[in-house]
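**Student:** Would you mind keeping the following structure in view while I ask a few things?
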Amino acid sequence: MAPGVSAGRAVLLDGYRPQPGVYDEMVDETGAVRPHWAGFVDRLAAEAPGALQQRFGAADRYLKESGVFYRVYDDPAAGERPWPLSHVPLLISSEDWVAIEAGVIQRARLIEAFLADAYSGGERLARLGVPAALMAGSPDFLRPLVQAGRPAPRQLHFYAVDLCRSPSGQWQVLRDRTQAPSGAGFALENRIALSRALSDVVRAFDVQRLAPFFDALRAELARQRAVDDAGVCLLTPGPLNETYFEHSYLARYLGFRLVEGMDLMVLGGEVHLRTVGGLRKVSVLLRRIDGDFADPLELNARSKLGVPGLARVARRGTVTLANALGSGLAEARALLGALPALAEPLIGERLALPNVATWWCGDEAQRAAVLDAFGALVIAPAFARDGGVPPGGPWVTADLDDARRAQLRAAIARRGVDFVGQEAATLSTTPVWRDGRLEPQPFVFRVFVAATADGYTVMPGGFALIGPQHDQSAVSMQRGARSADVWVMSDGPVPQTTLLPSEMEIVVRRGEGVLPSRAADNLFWLARYVERAEATLRLIRGYCARASEDRAQGSAAVAALAEMLFRWGAADHPAVPGEAGLFAQAALAQSDLDGSVSALVAAARRAGLGIRDRFPPDAWRALEDLQAHVDAAVDRETADVAVFERSRQALRTIAAVTGFQLETMNRVAGWRFFKLGFRIERGLATCRFARQFARREGGSREELDLLLELNDCQITYRSRYPFGAAFAPVMDLVLLDESNPRSLAFQLAQLKVHTQALPVLPPERRRTPAVVVADRLHALVSGFDPAKIESEDILGIENALMHLSDEISFSFFRVRDPHVADGGSP
C-alpha cells in the first residue's frame, strides 16, 4: 500500500490482490491506486460501516421495482431472472477513453465498408483475396440481399464491440456485435440505479452522461422517417427473448413503437403496421431479431418472428432497417483475423485497436498453425452461429481431456472452415463489492456506437460484464456474469443533458395515437384473464367458508360451488368429502389446470408481457405479487383455512391490478379494449353465477345469498330489502339494475358505450358489427321482468356476450386483407 493513504482506504483495500501478470483497473503493479480511481475509493472509504451496503441495496430495490430482468435459455421454465448489478462501476480515464472512442469509430467504418462491398457483389473483397468461404460459409451471409453493381444501403446504424485489456494495458477487441447489439438499455438502467444509490458520488465526479448518445441515435433514425408514417418501430422477437425487457425499455425511453413480426405486413412494396384503425406505413425499423429470421419467404422458412416480404422491400429501399439484413456476417470470428489486413485497402488506415490474435482454420496454413499450437489456444466456432460445430464451445484446450482434444482436432481436420483458433486472452480485473470489501474480478467491456448524419458517435460508458473466472467464454449473462456501470471520467464539467424536450419545443397533442392490433388483443385478454381469476377466487372463497363450517355434511351451496369450480376447469375431479382444503388448494394454485387461479394469472402475465411498454409499472408489480401469492405452498393440514385467507388477500391484490391499470391509462383506444374485455368477462361470470344459484322453482335462500355474495351485492340488497333473499329482487339487483356496477345490465350499458367509440373499419370506414350486438343485448336485457327470468334467457345472454367477443376479435385483432371487406372474397 502506498504511504499516506487514509486508514479507511486501507481497510477497504485490505486483501485486494490482483493475480500476477493480470492488469487491474484500480491498482497498479505496486498496489497503488491509479489516479482516476483515487477520489472514488476515498469516497467509499469515508462511508460509515454498513452505509455502503444500504446504498447498494437501494440500487437493487430500484432494479427490482422497475421490473428489470433477463432470461436464461437453459432454464427449463425459461424464467425471468433479476438483473444482476455489480455495485462498483468500472472507471475509465479520459486518456483511455480518447483512444477507445477513436478505435471503435474506426472499426465501425471498416466493418461498414466490408459489409457494403459484400452486399454489392464483393468484387473489391475478391480482389483483396478474401476467400469466398469466409463469407458464404457463414449462415449470416444472406444471399438474397446481395445486389451486384448497386451501392448497398447503410449497413451499421448501431454497433457494439466487446473489449478487454491485455496484461500490458493495451485495449483489444474480443468480438464485434453487428447483428442486433444488445445491452444499451441495460447500461442505461445500470446508470440510473447507481445514480440513485450514489447520487452524491456521481455529482462529485465529472462522469460523462449517456443521454446525448441516445439522443443522437433517436435523431438519426427519426431523420429516415417518411411523412405521416407510424413512427420508428423497434422489432422484437417477443416476450420470451432473453433481453425483451431491454426492447420494451428502449422503446419507451426513445419514444419508439414496440412491434413484433405479426404486427407488420408488406403491401404494395412497403411495410405497414396493423392497427385497430387500419394499416399505417412503417419506414424505419430498429431490428432486434436475427437477420435470417426476418423474412420467412426468402430467408428462414421456419421463422415465426419475421415479416413475409421484408427482404424484398429492403432491396427496394422503401424501409430503413437498423441494422441492415445480413449485417450479422461481420460477427464471424473468422473475420477477426482478416480485418487488420483489410483496414488499409478499405479505409486507408491501420487498425488502432488490435484484435485478440485469431487464425481461421478454413485457410490451410492457418489451420496447420492452429493444430501445431493446439494446447495453448482457445478453439471457437468460426461464425456467429455454430452451424455444424459440436455444442459447448468455445473450448479452452488446456482444460480438455485427451479424448476431447482428439475429437476436436479431428473435427478441425475434417472441416476446418467452421473453426478458429484464438489466443487465450487474459482478462484484466476491476473491483467488485463482496462481504464488505473490494475484490478483483475479470471483466469484458461492451462499447456502443451509433451512426449519425456526420459519421458515428460513441456512448461514453457502456456496461461491463463481470465473470467469476478469467476464461473469456464464462463472462456471459447466460453463464452467471454480473453487470456493472461504466463511468467515463471527464477533464472538465459535464453538461446536464436530458432527452426531455424544452418547454418551448413541446407541442401540445391530444390524440389516440397508433394502437397495434396485437396490443389491443393483449389488453383485451389481459382484462379477461384478470377478471376471470377474480370470479374464480370468489368461488374458492365461498367454497372454503362454507365447507369449513360444515365438514360433516356438505350443503347444496357447497356442492354447487364445487361443481362450478370443476366445470370451469379449476379442478380436475369432483370434490371428495373430507378433502375440501386440498380441492380448494388445487383450484387456487395447481398451474396445470387451465381454470385454476394460478393458470389464469400466468395467462394474464403472458398477455401483459406483450404490452410491457404500455403496462403501468405498479400494475405489473401487483400482478407479479399476485402470482407469487397464489403459488405459495400451503400446509395440507390447514389447507381450507389457509386457502380461504389467501383467496381474500388475492382479491385485494387483483383490485390493485385493475385499479392501477384503469386509473393510469389514458381514455383512448387501448383503455377501451381493456374495458371491453373486463366488462365482457364480468358479464359472463354474472350470468353463470345466476344460472347456477338462482332457480325460480326449487331454489334455496342459501343459494340466493351466495349469488349476492359472489356478485358483492349483499350490502346493497340488505339496505333495500329488510327481509331475506327472494328470487325477483335478487335477480333485479344482480342482472337488471344499471345503478349497480356489478350487475349484468351495467356491464351491457358500458359495452354499448365502448363499442360505439371503437375505430371505424377500413376500407369502407364502417362500424364494427360489435356495435349492433352490444345494442341488441342492452335492449334485450332492459326488457326482462326479474320475476320471470328463466335459465334459458340467461344462457342466451351468455352466448350473445361470447358472440360480441368474437366480433371484436374478428374486427380488430385478426389478420385482415385491407382490400377485402368482411364477407367478400379476395
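**Student:** Choose one of 105, 86, 126: the residue whose Cα lies farthest towards the positive end of the charge dipole of the stretch 57-158 (beta-carbon charges +1 Lys, Arg; -1 Asp, Glu; about the Cα centre).
**Tutor:** Working it through, the farthest residue towards the positive pole turns out to be 126.
**Student:** Of 617, 641, 651, which is farthest towards the positive pole of the stretch 609-655's charge dipole, taken about the Cα centre with +1 and -1 on the beta-carbons of Lys, Arg and Asp, Glu respectively?
**Tutor:** Checking the options against the dipole of the stretch 609-655, the answer is 617.
**Student:** Here is a further query. Less than 13 Å Cβ to Cβ from residue 39, Lys/Arg counted +1 and Asp/Glu -1: what total charge do the surrounding residues give?
**Tutor:** Local net charge: +1.
**Student:** Describe numerically, in nm with one decimal, the distance between label points set 7 Å from Cα along Cα→Cβ at residue 54 and at residue 764.
**Tutor:** Result for the modelled spin labels: 6.9 nm.
**Student:** Can you give me the angle between helix 211-223 and the longest principal axis of the chain, using Cα atoms only, in degrees from 0 to 90, rounded to the nearest 10?
**Tutor:** 80
**Student:** Show me the chymotrypsin sites (Phe, Trp or Tyr not before Pro) within the stretch 679-782 that DSSP assigns to loop and that have at most 13 other Cβ atoms within 10 Å of their Cβ.
**Tutor:** When the chymotrypsin sites (Phe, Trp or Tyr not before Pro) of the stretch 679-782 are filtered for loop state and at most 13 Cβ neighbours within 10 Å, 723 remain.
**Student:** For residue 210, what residues show an amide H to amide H distance below 5 Å, using hydrogens built from the backbone and excluding near sequence neighbours?
**Tutor:** none
**Student:** To the nearest 20 Debye, how big is the dipole of the chain about its Cα centre, given +1 on the beta carbon of each Lys and Arg and -1 on that of each Asp and Glu?
**Tutor:** 1540
**Student:** Loop only per DSSP, at most 11 neighbouring Cβ atoms within 10 Å: give me the trypsin sites (Lys or Arg not before Pro) in the stretch 565-661, ordered by residue number. Intermediate values should be presented prior to the final figure.
**Tutor:** Values: sites: 567, 605, 606, 612, 614, 621, 636, 646, 648, 652; in loops: none.
Sparse-neighbourhood loop trypsin sites (Lys or Arg not before Pro): none present.
**Student:** Provide the FRET efficiency to the nearest 0.05 for the residue 638-residue 594 pair, computing r from the beta carbons and using R0 = 22 Å.
**Tutor:** After rounding to 0.05, the efficiency reads 0.20.
**Student:** A follow-up question, please. For the pair residue 415 and residue 696, how long in nm is the line joining their label points, each one 7 Å along Cα→Cβ?
**Tutor:** 7.5
**Student:** Could you compute the longest span of the chain free of GluC sites (Glu not before Pro) located in DSSP loops and having at most 13 other Cβ atoms within 10 Å, not counting the site residues?
**Tutor:** The longest such stretch corresponds to 350-696.
**Student:** Along the Cα→Cβ direction, 7 angstrom out, place labels at residue 223 and residue 312. What is the inter-label distance in nm?
**Tutor:** Simple spin-label model gives 3.1 nm for this pair.
**Student:** What is the helix-to-structure angle for 639-664, meaning the angle in degrees between its Cα long axis and the longest Cα principal axis of the chain, kept from 0 to 90 and rounded to the nearest 10?
**Tutor:** It works out to around 70 degrees.
**Student:** Which whole-number value in Å² is the accessible area per residue of the stretch 603-751, probe 1.4 Å?
**Tutor:** Working: 6050 Å² over 149 residues.
Accessible area per residue, the stretch 603-751: 41 Å².
**Student:** Determine, from the Cβ-Cβ distance of residue 403 and residue 301 and an R0 of 25 Å, the FRET efficiency 1/(1 + (r/R0)^6), rounded to the nearest 0.05.
**Tutor:** 0.05
**Student:** Could you calculate the contour length gain from residue 666 to residue 357, that is, 0.36 nm times the residue separation minus the distance between their Cα atoms, to one decimal place in nm? Don't skip to the end; give the middle numbers.
**Tutor:** Numbers: separation 309, 0.36 × 309 = 111.24 nm, distance 5.56 nm.
My answer for the length gained is 105.7 nm.
**Student:** Which aspartates and glutamates does residue 64 reach when only Cα atoms under 15 Å apart count, and residues fewer than 8 places away in its own chain are ignored?
**Tutor:** Output for residue 64: 80, 189, 246, 618, 624, 625.
**Student:** Here is a follow-up. For the stretch 323-332, in order, what is each residue's ³J(HN,Hα) by Karplus, 6.51 cos²θ - 1.76 cosθ + 1.60 with θ = phi - 60°, in whole Hz (x at glycine and Pro)?
**Tutor:** 3J(HN,Hα) across the stretch 323-332, in whole Hz: 8, 4, 4, x, 5, x, 3, 6, 7, 4.
**Student:** Heavy atoms only, probe 1.4 Å: what % of the accessible area of the chain goes to carbon and sulfur, would you let me know? Walk me through the numbers on the way to the answer.
**Tutor:** On the way: 17350 of 34430 Å².
Of all accessible area on the chain, carbon and sulfur atoms account for 50 percent.
**Student:** What net charge do the residues around residue 149 carry, taking every other residue with its C-beta under 15 Å from that of residue 149, with Lys and Arg at +1 and Asp and Glu at -1?
**Tutor:** Its environment carries a net charge of +1.
**Student:** Could you tell me the convex hull volume per residue, in Å³, taken over the Cα atoms of the stretch 20-170? Show your work: numbers first, answer last.
**Tutor:** Details: hull volume 34.9 nm³, N = 151.
It is 231 Å³ per residue.
**Student:** If you don't mind, there's one more thing I want to ask. If the reach is capped at under 17 angstrom between alpha carbons, list the lysines near residue 281, excluding any in the same chain fewer than eight residues apart.
**Tutor:** Within the straight-line limit of under 17 Å, residue 281 reaches no lysines at all.
**Student:** Defining a contact as two alpha carbons under 8 Å apart and six or more residues distant in sequence, what relative contact order in percent does the chain show?
**Tutor:** Here the relative contact order equals 13 percent.
**Student:** Need one number for the stretch 101-249: average projected area of the convex hull over its C-alpha atoms, nm².
**Tutor:** Convex hull of Cα atoms, orientation-averaged projection: 13.6 nm².
**Student:** Once Lys and Arg get +1 and Asp and Glu get -1 on their Cβ, which of 324, 361, 334 lies farthest toward the positive end of the dipole of the stretch 311-375?
**Tutor:** 324
**Student:** In a Debye calculation with equal point scatterers on the alpha-carbon sites of the stretch 216-337 and no solvent, what is log10 I(q)/I(0) at q = 0.11, 0.14, 0.16, 0.22 Å⁻¹?
**Tutor:** Taken in order of the listed q values, log10 I(q)/I(0) reads -0.35, -0.58, -0.75, -1.39.
**Student:** Another question about this same structure. With a cut-off of at most 12 other beta carbons within 10 Å, and DSSP calling the residue loop, which trypsin sites (Lys or Arg not before Pro) in the stretch 723-782 qualify? Please list them.
**Tutor:** For trypsin sites (Lys or Arg not before Pro) across the stretch 723-782 that sit outside H, G, I, E and B with at most 12 neighbouring Cβ atoms in 10 Å, the list reads 765.
**Student:** A follow-up question, please. If the reach is capped at under 23 angstrom between alpha carbons, list the lysines near residue 675, excluding any in the same chain fewer than eight residues apart.
**Tutor:** 752
**Student:** Cα axis of helix 597-609 to longest principal axis of the chain: angle in degrees, 0 to 90, nearest 10?
**Tutor:** 50
The values are calculated or read from the model by the stated rules, or taken from the named source; none is laboratory data. The shown structure was predicted, so the numbers you read here are calculated from the model rather than taken from an experiment. As a convention, Cβ positions derive from the backbone with ideal geometry for all residues, glycine included, and neighbour counts pool all protein chains shown. Heads up: the accessible areas ignore ligands, DNA and RNA and are worked out on the full protein's heavy atoms, side chains in. Shrake-Rupley method; radii C 1.70, N 1.55, O 1.52, S 1.80 Å.
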